[in-house]
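Have a look at the structure below, then the notes.
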């Protein structure tokens, strides 16, 4: 659920027009609630990420181009490599079954990293960076982390990558 917008009046937090009904449904008069400011995501920062990702993808070494057919493939794998993923582990019972399950998952899940460990199948799916799924703080952390992963992959520093993307954006 997305956070509700409130305005501080000097005495109380009041829901913005259009959100009062939802606030009444969610909150009980007299109850105590903890508030935490939520920093809105910067659309400029979001656009910057996609600009440098496109720039990096276009400059991938030929040996890596097949692994990352699109900039989206590169972004999702970088998120996984940077630790921003959801993981599922399934015990398939036998190694042969694990290999079959992994093959099935790979065929259905284009952006999922699938690993077979003995009888276990480990799937890692990149966390969503959508505004709804990831707040500003986590987005900035993930952006910096994947920039490090990608810059190492293409053999430049993250500073160079950010600077070059700034020119391209």
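No value in this document is a laboratory result; all are computed from the given coordinates. These numbers come from a predicted model, not from an experiment. Positions of Cβ are backbone-derived with ideal geometry, glycine not excepted, and every protein chain shown enters the neighbour counts.
Assuming R0 = 22 Å, what is the FRET efficiency of residue 63 and residue 104, from their Cβ-Cβ distance, to the nearest 0.05?
The calculated FRET efficiency here is 0.20.
Can you tell me the length gained on complete extension of the stretch residue 46 to residue 111, counting 0.36 nm per residue apart and subtracting the Cα distance?
21.4 nm
Does anyone have the angle between helix 43-58 and the longest principal axis of the chain? Alpha-carbon axes, 0 to 90°, nearest 10?
Helix 43-58 and the main axis of the chain meet at about 10 degrees.
Whole number please: convex hull volume per residue of the Cα set in the chain, in Å³?
So the per-residue hull volume is 183 Å³.
Measure out, as a whole number of angstrom, how far apart the alpha-carbon centroids of region 81-160 and region 9-36 sit.
One Cα centre to the other: 38 Å.
Can you tell me the 0 to 90 degree angle between the C-alpha axis of helix 158-168 and the longest principal axis of the chain, rounded to 10?
For helix 158-168, the angle is close to 80 degrees.
Can you give the relative contact order of region 43-168 as a percent, counting alpha carbon pairs under 8 Å and 6+ residues apart?
About 32 percent, as a whole number.
Quick one: if you stick a label point 7 Å off each Cα along the C-beta vector at residue 157 and residue 87, how many nm between them?
3.2 nm
Want the number for residue 73 to residue 144: 0.36 nm per residue separation, take away the alpha-carbon distance, what's left?
Using 0.36 nm per residue and subtracting the Cα-Cα distance, I get 23.8 nm.
With everything on Cα atoms, drop me the angle between helix 71-81 and the longest principal axis of the chain, reported from 0 to 90° to the nearest 10.
That helix lies at roughly 80 degrees to the long axis.
Express in nm, to one decimal, how much length is gained between residue 27 and residue 133 on full extension, taking 0.36 nm for each residue of separation and deducting their alpha carbon distance.
Separation in residues times 0.36 nm, less the Cα-Cα distance, equals 35.9 nm.
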